[in-house]
Amino acid sequence: MPVISFANAKGGAGKTTAALLLATEVAARGKRVTIFDADPQKWISKWFELPRTCPGISVVSEMSPASITEQITHATEYSDYVIVDLEGTENLIVANALSVSDLVVVPIQGSSMDARGGAKILTLIKKLEKIVRQDIKHCVVLTRTNAAVTTRAMKSVQEFLSTQNIDVLMTPIVERAAFRDLFEFGGGLANLDASVVSGVAKARENAALYAAEILERAITVPKKRWYNIFKRAS
Ligand SMILES: Nc1ncnc2c1ncn2[C@@H]1O[C@H](COP(=O)(O)OP(=O)(O)O)[C@@H](O)[C@H]1O
Ligand SMILES: [Mg+2]
């Protein structure tokens, strides 16, 4: 079933948050989700160990550049969705994961630095598409946006993306305490106590719209047997 990777060459872009939000939303709809935690900070593995759990989600924390493509392919056999949270850099694990992805989501924060990190991943996708001789579907999600105003930095990111002909989700992920608190309390947004965490209802609505837009785009693409080429370089 579909493999959805989250990538941006810059740390702090909101990859891990966007990946976990998608996973918890999909699991809340009764689907089986496997998350590959390829972020060295291991936020999702730590979230998974919290007492409050999220049924339907399993997390793979151990992987190597040589094993990741086979691990992902294997996980697609027993999962409805495979979600890959990548490191904020360009390395072999990132390249291999992107190569077996049905959809690559590039979270971009409303700052020019972040747009550059996203642009690096888009360049890497183009290079990989040439090597594997097929398209790697990708889209951008704007993250940590202000619920009330569109900042000048956000406007310049949007202008940059529109000149590049890039598919940008209509729903940005808004800056909300509830999204941070998931990593502290565990579970999904449905488990968060609205009397303790502010803006939970709005966060739930935001996450549901965002997840729906991703799922519309995440359709399994038949793969050629090309991914072993990356193994030799490991
Ligand atoms: N939508 C959001 N609302 C609130 N905080 C966020 C949001 N997205 C990211 N953050 C916070 O920003 C920091 C970096 O986010 P993270 O998802 O870990 O980015 P990355 O995985 O790209 O490094 C974390 O402290 C995270 O809690
Ligand atoms: Mg991360």
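Counting only protein heavy atoms, what percent of the accessible surface of the range 1-113 is carbon or sulfur at a 1.4 Å probe? After summing per-atom areas, the C and S share lands at 55 percent. Which of the three applies to the chain, rounded, prolate or oblate, going by the alpha-carbon gyration tensor with a ≥ b ≥ c and a/c under 1.5 meaning rounded? In terms of gyration-tensor shape, oblate.
Please give the per residue accessible area of the chain, computed with a probe of 1.4 Å over protein heavy atoms only, in Å².
Values: 10990 Å² over 234 residues.
Dividing the accessible area of the chain by its residue count gives 47 Å².
Sorting the segments 189-201, 15-27 by their mean number of nearby beta carbons within 10 angstrom, highest to lowest, gives 15-27, 189-201.
Beta-bridge orientation, the range 3-222: approximately 0 percent antiparallel, per DSSP, counting only bridges with both partners inside.
Beyond 31 Å between alpha-carbons counts as too far, so tell me which of Lys46/Lys120; Lys155/Lys202; Lys15/Lys127; Lys31/Lys130; Lys46/Lys130; Lys10/Lys202 fall in that bin.
Details: Lys46/Lys120 28 Å; Lys155/Lys202 23 Å; Lys15/Lys127 21 Å; Lys31/Lys130 33 Å; Lys46/Lys130 36 Å; Lys10/Lys202 27 Å.
Correct reply: Lys31/Lys130; Lys46/Lys130.
Across the range 3-222, the mean sequence separation of Cα contacts (distance under 8 Å, 6 or more residues apart), normalised by length, yields a relative contact order of 27 percent.
The values are calculated or read from the model by the stated rules, or taken from the named source; none is laboratory data. Since the model is a prediction, treat every value here as computed from it, not as a measurement. No Cβ is skipped: glycine too gets one built from the backbone with ideal geometry, and neighbour counts run over all protein chains shown. Heads up: the accessible areas ignore ligands, DNA and RNA and are worked out on the full protein's heavy atoms, side chains in. Shrake-Rupley method; radii C 1.70, N 1.55, O 1.52, S 1.80 Å.
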